[in-house]
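Right, one structure below, let's go through it.
The values are calculated or read from the model by the stated rules, or taken from the named source; none is laboratory data. Computed from a predicted model, the values in this text were never measured in an experiment. Heads up, the Cβs are rebuilt from the backbone with ideal geometry, glycines too, and the neighbour counts pull from every protein chain shown.
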Amino acid sequence: MHDTGRGIAPDLLAWRGTPFLTDRGAGLGVVLARSAIQQHGGALTYASQVGRGTTARIRLPSSPLGACGARGTAIPGTRDRYCS
């Protein structure tokens, strides 16, 4: 997903997904989404430029976790892989 909003400063982007850290709402949306995605063997990543917008990318395996073995692509920050 991509928006063309105000973007997120790099120092704040590192905190994205910290429970209760928000400027609106309860601050749990990203935490719950990331948890559900990870439970399905996926990853949630963000890229942002101040003044240009933010991109949120969700990657999920196309088959049950581990089914593609070493052929899968590594999910950054984990020891998991997803099948392309």
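Here is a check on your reading of the model: is residue 63 of a type in the set (Ser, Thr, Tyr) and at pLDDT 85 or above?
When the stated conditions are applied, residue 63 does not pass them.
Take the residues in the stretch 6-18 that are within 16 Å of residue 29 (Cβ to Cβ) and in a loop (DSSP other than H, G, I, E, B), then tell me which one is modelled with the highest pLDDT.
If we take residues in the stretch 6-18 being within 16 Å of residue 29 (Cβ to Cβ) and in a loop (DSSP other than H, G, I, E, B), then 8 is modelled with the highest pLDDT.
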